[in-house]
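This report refers to the structure that appears directly beneath it.
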Amino acid sequence: MTAMPPDPRTTGSLGTGAAAAGAAAEGDARAAGDAGDPHLDRYAARTAGMTASEIRALFAVASRPEVVSLAGGMPNLAALPLESLSVEVAGLVAAEGQSALQYGSAQGVPVLREQIGDVMAFEAGSLGATGGFAPDDVVVTVGSQSALDMLTRLFVDPGDVVLAESPSYVGALGSFAAYQAEVRHVAMDDDGLIPAALDEALQRLAREGRRAKFLYTVPNFHNPVGVSLAADRRPEIVELCRRHGVLIVEDNPYGLLGFDGQTYPSLRSMDPENVVYLGSFSKIFASGLRVGWALAPHGIRDKLVLAAESATLCPPAFTQLVVSRYLATHDWRSLVKSFREMYRERCEAMLGALETHLPDGCRWTRPQGGFFVWATVPEGVDTRAMLPRAVTARVAYASGTGFHADGSGSRHMRLSFCYPPPERITEGVRRLAGVLDGELDLLRTFGVAGPRHGTPGGPQAPAVDTA
Ligand SMILES: Cc1ncc(COP(=O)(O)O)c(C=O)c1O
């Protein structure tokens, strides 16, 4: 991947796509058009950025079984031990129903907060780099998405700057848009966020007399790029943020999914007082339970608990106790290892197919873990405009435009290998290559690729379930 220049873009009306994508990540596939909404003049100003994509209509088609979807970020749950899990769930209701079905603490169930220490220690492994762990530092959240939303609510007033990688996780951009943040993207390359680019962004802000509220980063097996932040860059990033007084939000849902079991020292371990760490059971157990966590310095932890109280009173005790029982009764470490194997096999299928089928001039990242490959297409091809033609050819992907706050990134696409089996991935890439060949033919003949369908150039949502 070639480094993209630091981007000082301002995005006052940002995130249309990101916000819409947040809705998509929640499974809301409705076309959320404003037409005919009698409440239109009553919405808060902050909803202005929350418009749906005109290509949302495509999503229904993209989810059809005959379409190979390389668009979504859904974990593959095929390896879950459903029978023994159902015994545990029944046992939970029978033995602990009175508490499992009751309101709980806004900070989360104490036993799960203890067990989260084991999960973090498993990832830290020989690195021993949890940054210190006390169950009291943990706030259990409704997936890490709700932690992102609450953190943004706590820190961001309209117009405040948030730094994020270029490109960045669409659900985070959705939260930033909802709170009217100004997102400034910072360039990354094959080794993750580039310290010099971060330094430049921080210095530019200082010259403007401003300071970012936080840096949002996904250091391990990045969504959407698939790369990890090099170990020697980590202390540099932490030091830069400390020096400039900028908080770090370290979002780490994929850290245990290195194909070779490789893990990285957390940013939190290098400066626990200036990093909020986010974890999740979505990719290593069950995304539908919606259980994640934040590990935060005490002041921020207390504010997160207050924010959780006002949002949902408390995270559901039931789903937390399901996770807790699973951790207590199953060999979850082995299951994580089998997930790694499954995703490695799928990633290899994708990389092999890209090598075989994609036309000259395309390039892509080579992930060592996680769910995603980030592909770059030849100049002149617009992945957003091409998407309807891809879906017609029965393959879907997520256009790069959804991963940038201002909707740029149309020469990129995110290809997910997490969900379809290897032979479908190969077939999907073959179809995609056919579509790209067609675009390149048109470019060679007419100087432009295929017709643009409703692509006025603003931000827009990525594909169907881009979580
Ligand atoms: C980088 C990143 N952060 C957060 C999330 C949300 O995870 P959760 O299911 O825990 O809310 C995702 C989901 O895809 C993700 O990729």
- Of the residues VAL275, LEU256, SER287, the Cα lying farthest along the dipole of region 250-297 towards its positive end, which is defined by charges on the beta carbon of Lys, Arg, Asp and Glu, belongs to SER287
- For the chain the mean separation of alpha carbon contacts under 8 Å (6+ apart) over residue count, i.e. relative contact order in percent, is 26
- Query: What shape does region 350-441 take by its C-alpha gyration tensor, where a ≥ b ≥ c are the square roots of the eigenvalues and a/c under 1.5 counts as rounded, a/b above b/c as prolate, and the rest as oblate?
  - Reply: rounded
- Message: Once each part is reduced to its C-alpha centroid, what is the distance from region 150-170 to region 231-258 in angstrom?
- Response: 15
- Query: From the residues PRO110, PRO388, VAL305, which one has its Cα farthest along the dipole of the chain in the positive direction, the dipole being from +1 and -1 charges on Cβ of Lys/Arg and Asp/Glu about the Cα centre?
  - Reply: PRO388
- Message: Please state the shape class of region 157-316: rounded when a/c is under 1.5, otherwise prolate if a/b exceeds b/c and oblate if not, all from the C-alpha gyration tensor.
- Response: oblate
- Message: Can you give me the angle between helix 234-244 and the longest principal axis of the chain, using Cα atoms only, in degrees from 0 to 90, rounded to the nearest 10?
- Response: 80
- Item | the chain: angle of helix 383-392 to the longest principal axis, Cα-based, in degrees nearest 10 | 90
- Query: Cα centroids of region 267-291 and region 55-104: how far apart, whole angstrom?
  - Reply: 19
- Within region 199-275: Cβ-based charge dipole about Cα centre, in debye rounded to nearest 20 (Lys, Arg +1; Asp, Glu -1): 360
- Query: Which of the listed residues, VAL323, VAL89, THR426, is farthest toward the dipole's positive end in the chain, when Lys, Arg count +1 and Asp, Glu count -1 at the beta-carbon?
  - Reply: THR426
- Task: Enter the angle in degrees (range 0 to 90, nearest 10) between the Cα long axis of helix 82-100 and the first principal axis of the Cα atoms of the chain, meaning the one along which they spread out most.
- Result: 50
- Using the Cα centre as the reference, give the magnitude of the dipole from point charges on the C-beta atoms of the chain (Lys, Arg: +1; Asp, Glu: -1; all else neutral), rounded to the nearest 20 debye. 480
- Could you give the dipole magnitude of region 147-261 about its Cα centre, charging the beta-carbon of Lys and Arg +1 and that of Asp and Glu -1, in debye to the nearest 20? 460
- Query: If the cut-off is a Cα-Cα distance under 18 Å, which lysines reach LYS283, setting aside same-chain residues fewer than 8 apart in sequence?
  - Reply: LYS337
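Rule-based calculations on the coordinates, nothing more; no lab input. All of these numbers come straight from a predicted model, not from anything done at the bench. Methodologically, a virtual Cβ is constructed for each residue, glycine included, from the backbone with ideal geometry; neighbour enumeration extends over all protein chains shown.
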